[in-house]
Structure formats: C-alpha cells, structure tokens
C-alpha cells in the first residue's frame with residue numbers, strides 16, 4: 001500500500017483513525033473466554049464493527065507475545081483476516097523492534113514477509129544499520145519512534161543533543177538513511193504542541209499519533225499542528241474504543257466510540 | 001538466579017561466556033533440516049556440547065520470530081530444555097523490547113513468567129516507565145541497551161547530551177529508577193575503550209558484552225577495562241561458536257571454539 005493510496009482511503013472514509021488492537025484477556029468481555037481463540041474472536045468482532053470507520057489497525061505485539069504460541073496464532077489469524085477481507089486497510093505491527101543489521105533483517109522478514117503487515121514500528125536507539133533493513137522493503141513502511149506519548153519520553157527524547165532535542169536529531173538524521181524519505185514517525189498526541197516544530201523538519205511524512213483518548217491527547221490540537229496537504233496523520237485509539245463496553249454489546253459500543261472519533265475527524269478534513 | 005550465584009558459576013566454570021543462539025536456517029548444517037524442529041535440534045546439540053564451557057545462553061528473538069509459530073515453539077523448547085537440564089545457567093531473552101508502561105508489563109510477563117527467562121534485554125529510548133515494569137520482577141534481571149556493538153551506535157548513543165554522551169546519560173538516569181540498582185547493561189566489545197568511563201559510573205553492575213569474535217571486539221581489552229571484583233562480565237559470542245562448522249561435526253566444532261574462548265577467559269580470572 002502506498003502513502004497516496006492511504007491518503008485516498010482517508011478522504012474516502014473521512015477518517016484517519018487507527019484502531020489499536022491491544023487485547024488483554026482480563027479486559028475483554030468474559031463470555032468470549034469460552035471461544036477457542038478468544039483474542040481472535042474479539043478482534044474479528046471489533047474489525048467487523050469498525051472497518052468502515054477506520055483506515056488502519058495496529059496490534060501491539062506485547063499483548064500477543066504475552067500468550068506465547070497461542071498469542072502468535074491469534075496475531076496471524078488477525079492479520080490474515082484483515083488482509084483477506086479488507087486489503088484497503090493499512091496494517092501496523094506495533095513491535096518497536098531494533099537490533100544490529102542482520103538481526104533487524106530477521107525482524108523485517110517476520111513482519112513484512114511472513115505476517116504481511118504493511119508497516120512496523122521501530123526504535124531508533126541503535127541507529128542507521130538497525131533501521132535500514134526495514135527500509136529496504138520498498139512497498140512497506142517503517143514507522144520510527146520519535147516522540148512517544150508516555151511520561152518517560154521526557155527522560156531522553158526531549159533532552160538537548162547537538163543543540164536540539166534528541167527526537168529532532170533522530171528525525172533529521174533518519175531522513176538521510178537509505179530510503180529514509182519513506183519513513184513515518186510516531187509522535188504522541190499528549191505532546192501535540194511539539195508537532196509544529198516537527199512539521200518544519202518533515203512536512204510531508206505520515207505521523208502515527210497515539211495517545212488520543214485514554215492517555216488524554218487532544219484530536220483538535222493534533223490536527224491543528226500536525227495535518228498536512230495529504231492529511232499525513234494516523235491517529236490511534238486503543239482502549240477508548242475496544243474496551244468501550246465489557247458486555248455482549250462490546251462491538252457495537254466500540255463502533256459507537258469509533259464513529260464519534262470519525263465524525264470529529266471528518267470536521268478537520 | 002542472583003548475581004552472586006552468577007559470579008559463583010563464573011568462578012566454578014572459569015568462564016564468563018554467553019553463547020548467542022542466533023539460529024538461521026540458512027546457516028545451520030543442512031542435514032538438520034529433515035528434523036521435525038531443526039532449530040531446536042541445533043540448539044540442543046549446541047547446548048549439550050558447550051554447557052560446561054558457558055555460564056549463559058542468549059537466544060535472539062528476531063531469529064525465532066522470523067519463523068512465526070514454529071519459531072516460538074523452538075524458543076519455548078530451548079528455554080525449557082535449559083531450565084530443566086541446566087538450572088544453573090543464566091538465560092537471556094535478547095528481545096530489545098520497550099513500550100509504554102502497561103505494554104512493557106506484557107512483555108515482562110511474556111519473558112519472565114511464561115517463558116521463564118532469567119533476564120531480558122530492553123531498549124532505553126522510551127524512558128523510565130518503559131523499563132520499570134521489567135525491574136518490578138525482583139528475582140529477574142533487566143539488561144538495558146547502553147552502548148551497542150554496531151556502527152549505528154555512533155548515530156545517537158555517543159552524541160553529547162547534557163554535557164556528556166547519551167549512553168552515559170542513559171546509565172546515570174536509569175540508576176535512579178525503581179530497582180535501578182539491579183540493572184545490567186549492554187556494552188559492545190567493539191567499543192571496549194569506553195568501558196573505563198562506564199565502570200566509573202557503574203562499578204558493580206554486570207555488563208553483557210556482545211561483539212567479540214565475528215564483530216571484531218577484543219576479549220583482552222574488555223577484561224582490562226570492564227572486569228570488576230565480581231567479574232561483572234558476560235561476554236557473548238554467537239556466530240563464531242555456533243557456525244564454527246557446517247558439517248556433521250558442528251557441535252564438536254562449536255565446543256572447540258567455546259573452549260578456546262573459555263581458556264582465554266580463564267587466564268583473566
């Protein structure tokens with residue numbers, strides 16, 4: 001999927017919503033626990049109820065790895081279900097991987113070739129040769145952590161390095177890597193005021209913006225400071241949507257929450 | 001396993017060798033491919049041949065995830081085999097994870113509770129709340145990336161932040177986190193000269209040192225600058241040991257390479 005196809009989908013659906021599939025067995029409706037694969041049953045119901053409102057889905061790998069082999073099966077089924085039924089939807093493996101060159105290549109193979117995700121999130125700490133193996137896949141997308149939505153982002157990311165904040169240095173440096181112009185970046189909605197400066201460095205790049213909803217970020221501010229002529233935003237909501245209800249109506253409740261966000265997004269498009 | 005038990009094992013075996021189980025199907029002896037689980041068959045043979053020479057094993061998760069469910073099965077079998085047969089051996093999940101708090105907690109559960117690893121490698125970019133969930137396990141160990149062995153380490157890790165290099169800032173800051181005194185750190189052997197400064201900040205901490213062998217780091221320099229009164233070093237070798245031969249004799253060849261390293265290590269103990 002190209003970024004222009006992604007923008008097309010955003011215009012078509014009047015939505016730049018990404019639904020985070022952070023599925024915790026302790027939080028899903030308890031009647032699903034008797035299903036053979038509760039996590040996939042939950043994801044399928046959420047996808048069926050929200051796919052017309054979202055342009056992207058983002059399973060966070062931690063929630064799947066926490067269940068070992070069962071978790072990987074649920075992840076495989078989820079990505080296959082998305083690719084088979086909704087090939088126009090952008091898929092993100094939220095894995096935050098990064099290792100020395102040949103090893104990052106193995107992660108790239110796992111997410112791009114075997115699981116057939118459109119994109120994967122990658123951590124920048126190990127530098128160029130830990131990210132370029134992901135960028136070598138021209139039809140895939142690498143989403144680099146720049147400024148994350150959590151409190152710990154202030155520990156290092158906003159510290160000054162070479163005269164400016166580390167996250168800016170990460171963005172500037174990464175642009176120079178092989179195929180660096182194809183990078184997308186994670187920028188937390190809880191730090192929307194930073195988007196103004198970020199857009200000066202990368203006016204054209206897509207940004208994946210977590211932190212709206214449960215974490216307290218404002219959609220209006222994200223759009224004000226972050227939107228570009230191709231929209232350039234994927235705003236993620238996880239818990240606020242998928243855990244909208246603990247009852248039998250969880251999928252309808254998720255759709256209602258997703259629609260609220262989509263309706264608000266439509267006003268900014 | 002406590003760090004004093006680890007030091008005890010090091011003194012007993014006269015070795016601080018960690019064997020990296022970075023198992024690539026394209027590099028293992030081809031006769032193993034007819035086994036039901038070639039990766040586990042390879043690991044078992046390597047472990048059987050080298051367990052008296054090594055104090056730690058470190059599977060790198062990328063090589064297992066690249067094979068999806070089959071890979072996770074091989075990983076599970078490997079860690080179970082180690083824990084059942086060699087409970088005195090320290091195990092490291094080389095995963096380089098890190099995410100917002102509740103999500104890092106899921107990764108901690110995956111590696112510490114389900115897979116029963118003694119330790120896991122964690123990336124520092126997202127700061128305090130991305131690492132503390134791992135540190136909450138008092139009988140387990142969190143190994144933070146500080147200065148890695150790859151070329152990309154010079155992109156950000158050695159850049160100056162708050163008047164000193166980022167990797168030093170990472171080490172200093174992380175010491176203040178909850179249970180931060182229990183952290184271990186990754187410091188690449190390819191940058192052994194940096195160990196002198198690092199030991200001034202963390203004289204007592206264990207260091208996991210990759211990059212000896214295939215990546216060109218010197219064991220002598222690592223010991224000269226990095227060893228402390230409790231040894232405080234785990235030196236990892238992966239390819240140089242596990243791919244010592246492509247033939248039927250691969251396990252014996254691996255043992256011979258491991259013994260060379262162990263013998264050299266013994267001279268520094």
Boolean, residue B:80 is touching a residue at least 60 places away in the same chain (Cβ under 8 Å) and within 12 Å of chain A (Cβ to nearest Cβ): no
Residues of the stretch B:4-41 that turn out to be farther than 17 Å from residue B:213 by Cα, more than 14 Å from every other protein chain (Cβ to nearest Cβ), in contact (Cβ under 8 Å) with a residue 24 or more places away in the chain and within 19 Å of the chain's Cα centre (by Cα), as a count: 9
Test: residue in the stretch B:176-185 that is crowded, with 23+ Cβ neighbours inside 10 Å, at the interface with chain A (Cβ under 10 Å from one of its Cβ atoms) and touching a residue at least 12 places away in the same chain (Cβ under 8 Å): no
Residue B:70 vs. criteria farther than 29 Å from residue B:195 by Cα and more than 9 Å from chain A (Cβ to nearest Cβ): yes
Any chance residue A:96 is within 7 Å of chain B (Cβ to nearest Cβ), touching a strand residue (DSSP E or B) at 6+ places or on another chain (Cβ under 7 Å) and modelled with pLDDT of 95 or more: yes
Tally of residues being buried (at least 24 other Cβ atoms within 10 Å of the Cβ), more than 8 Å from every other protein chain (Cβ to nearest Cβ) and in a helix (DSSP H, G or I) across the stretch B:137-169: 1
Residues of the stretch B:122-136 that turn out to be more than 7 Å from chain A (Cβ to nearest Cβ) and surrounded by 19 or more Cβ atoms within 10 Å (Cβ to Cβ), as a count: 6
Filter pass, residue A:88 being closer than 28 Å to residue B:146 by Cα, assigned to a loop (DSSP other than H, G, I, E, B) and either within 13 Å of chain B (Cβ to nearest Cβ) or touching a residue at least 24 places away in the same chain (Cβ under 8 Å) (or both): no
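Condition check ((1) surrounded by 15 or more Cβ atoms within 10 Å (Cβ to Cβ); (2) farther than 26 Å from residue A:142 by Cβ; (3) touching a residue at least 60 places away in the same chain (Cβ under 8 Å)) across all residues:
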residue: A:215; (1), (2), (3): yes, no, yes
residue: A:229; (1), (2), (3): no, no, no
residue: A:241; (1), (2), (3): yes, no, yes
residue: A:249; (1), (2), (3): no, yes, no
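The values are calculated or read from the model by the stated rules, or taken from the named source; none is laboratory data. Bear in mind that the values here come from a model prediction, so they are computed numbers and not experimental data. Quick reminder, even Gly has a Cβ in these numbers, built from the backbone with ideal geometry, and neighbours come from all protein chains shown.
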